[in-house]
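A short write-up of the structure that comes next.
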Amino acid sequence: METKGIVTGIVSNLVSVRVDGPVAENEICYISSQGVDMMAEVIKVGGSTASVQVFESTRGVRNGDSVRFVGHMLEVTLGPGLLSSVYDGLQNDLTTMESVFLKRGEYTDPLNREKLWDFTPLAKVGDKVVAADWLGEVKEGWLPHKIMVPFSFKGEFTVKSVKEAGSYNVDTVIAVLTNADGEDVPVTMTQKWPVKVAVKGYREKPRPDRIMETGVRVIDTLNPIAEGGTGFIPGPFGCGKTVLQHAIAKQGDADVIVMAACGERANEVVEIFTEFPELIDPHTGRHLMERTTIICNTSNMPVAAREASVYTAMTICEYYRAMGLKCLLLADSTSRWAQALREMSNRMEELPGADAFPVDLSAIISNFYSRAGMVVLNNGQRGAVTFIGTVSPAGGNLKEPVTESTKKAARCFYALEQGRADQKRYPAVGPLESYSKYLEYPEIIEYLNKTVEPGWVDKVMLAKNIIRRGKEAAEQINILGDDGVPMSYHVSFWKSELVDFIILQQDGFDPVDSLCPMERQRYMLDLVLDICAKDMDFDDFEKCREFFKNLINELRQMNYSEFKSEQFNAYREKVNQLTA
């Protein structure tokens, strides 16, 4: 029997409902007001009263309006056609809107029901299958999109029939499965899954054992992120968080990219809409949008919709991970998500935590980050979801609750510095404050030493040491003056500047330097460390400064030339002559 209710109170998009039957937390309901049905989610149940948050404006809602509960959580529709799409947090297809904004109570279909897909069967009649096993595949762009046994199925099934190769729409029954009770269950190309429940379409979830290349030297060389790993980018406004995420999206070694714009300003979202369709994937030469899905909720949308966007994006990533694909989820910004949680917590008059955020903020963030990871599927193949979020701390304060809570959950910390951004040292990632805990994993150390070069991690630590000694020397020089410190301090400072200008800084607009493969990163770091290992003696600091400035200019020319071992070997001889 369907549960119904009556509106008894309204505070912004928080609505109190008196119910006449059982309701569950996170259950979806529809409020009928002035001829419009508005979607809402139950966030608290107390006796015969349920508190629900509405996903859109509640203007015009009145006491006495009727409410209908549907008996399931907020769900996402999964199937062919997700890539190249732009959705909001409720998976409304924003490309099919008739105007700039969706009307209240208006919800669009996320998939094209008429489009035909070329289906190829992978399962045979008589096969035993379980949830997430592959029944067939279609080509979505150039990626193989697996048609799977729905994740909601329990127990073992037998394939009774499967469609032969041909062109079908997503609603076509492509297979019939028989369960243990002998009942036949039809399966189409689509399925639904609640966004706040992790998809369990895998056999095991081991520790990451390889890195995901991003083409950004300050990440790949100094603080690499694992394939299936987690990281976040905190920093003040205007330091380049969004630009760095876009660079990672364009160059990252992933099959599928999902961008979640959670509470972003409208101008930044428009930039995503206009730029992404024009970007060319450097790995395939095709348009980047062909393997990208964008989930967008701007800052002027209700808090409930902002909160839903990150969960919708993660569920789509988990769906493609179950196909054996490498997925990269980029969320910008998780601070706006946390602010949405704070607004709802305050309206419900819950006991506040630090800075009025929910007391369980740390647990919410940790649970979400734990959904990323590398998995082994039922058939032995691997899939991965790598998650990188941004945090926008007020005033650049990295001690605020969202940053501190995210630090506990994420394994990589890429702190953007206002000083580096002001000096135009991009990416403005601070080399000493940032870290990657994956460099402590034996599996990652073994992988790097095997695939890049033996002793690679030790060289990375040596480069960080040079930067640290240079920073200490710079502080002494600033306090005591150029003539008040030994010449070795000037040499240490300029060696750290050499590492900074050649390794850390990168031109995102240069056609070659914007994407730096690991082979080229290895050669560049080896060359810089060879120079820093040389004993250098100067008569005065002016000669030291002039020498290193000229050397940096010479090496920066190398950064923008096409990688060829012969060119670099010839250049090494030139550098050896300069530093002799």
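The values are calculated or read from the model by the stated rules, or taken from the named source; none is laboratory data. Every value quoted in this text rests on a predicted model; they were computed, and no experiment measured them. Here the Cβ is made from the backbone with ideal geometry for all residues, glycine too, and neighbour counts use every protein chain on show. Surface areas here come from the heavy atoms of the whole protein model, side chains and all, with no ligands, DNA or RNA. Shrake-Rupley method; radii C 1.70, N 1.55, O 1.52, S 1.80 Å.
Structure data summary
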{"item": "Residues of region 473-491 with amide N under 20 Å of the 7 Å Cα→Cβ point at Phe547", "result": "473-474, 477, 482-491"}
{"item": "Average accessible area per residue (Å²) across region 1-117 - probe 1.4 Å, nucleic acids and ligands excluded", "result": "48"}
{"item": "Distance between region 417-438 and region 28-79 - C-alpha centres, whole angstrom", "result": "44"}
{"item": "Per residue accessible area in Å² of region 411-531, where ligands, DNA and RNA are left out and the probe is 1.4 Å", "result": "45"}
{"item": "Potential extension, Phe237-Phe273 segment - 0.36 nm per residue separation minus Cα distance", "result": "10.9 nm"}
{"item": "Backbone HN-Hα couplings from phi across region 538-543 [Karplus 6.51/-1.76/1.60, Hz, Gly and Pro as x]", "result": "10, 6, 8, 5, 5, 5"}
{"item": "Two-site label geometry, Asp37 and Ser57: point separation in nm, points 7 Å out along Cα→Cβ", "result": "2.2"}
{"item": "Accessible surface of His72 - all protein chains present, 1.4 Å probe, nearest 10 Å²", "result": "80"}
{"item": "Computed FRET value (nearest 0.05) for Leu116 with Ser161, which takes r as the C-beta separation and R₀ as 22 Å", "result": "0.60"}
{"item": "Correct option for semi-axes √(5λ) of the Cα gyration tensor in Å [calculated from the coordinates] among (i) 64, 26, 23; (ii) 41, 35, 29; (iii) 49, 30, 20", "result": "(iii)"}
{"item": "Of all accessible heavy-atom area on region 3-114, the percent that carbon and sulfur account for (1.4 Å)", "result": "48"}
{"item": "Extension gain (nm, one decimal) between Ser12 and Lys424, 0.36 nm per residue minus Cα-Cα", "result": "144.1 nm"}
{"item": "Whole-percent carbon and sulfur share, accessible surface of region 137-230, 1.4 Å", "result": "48"}
{"item": "Extension gain (nm, one decimal) between Arg207 and Asp281, 0.36 nm per residue minus Cα-Cα", "result": "23.8 nm"}
{"item": "Over 22 Å (Cα to Cα) - which of Lys124/Lys192; Lys437/Lys464; Lys471/Lys549; Lys44/Lys200; Lys495/Lys534; Lys146/Lys205 fall in this group", "result": "Lys124/Lys192; Lys44/Lys200"}
{"item": "Beta bridges per DSSP with both ends in the chain, % antiparallel, nearest 5", "result": "70"}
{"item": "Carbon + sulfur, % of accessible area of region 473-562 - ligands and nucleic acids excluded, 1.4 Å", "result": "47"}
{"item": "MRE, 222 nm, helices only [DSSP H, n ≥ 4, -39500 (n - 2.57), over the chain, to nearest 500]", "result": "-9500 deg cm²/dmol"}
{"item": "Cysteines (scope the chain) whose Cβ has no counterpart Cys Cβ under 4.7 Å", "result": "Cys29, Cys239, Cys262, Cys296, Cys412, Cys516, Cys532, Cys544"}
{"item": "Listed peptides 7-19, 198-210 by packing density, highest first (mean Cβ within 10 Å)", "result": "7-19, 198-210"}
{"item": "Distance in nm between pseudo-label sites at Ala24 and Asn346 (7 Å out along the Cβ direction from Cα)", "result": "3.2"}
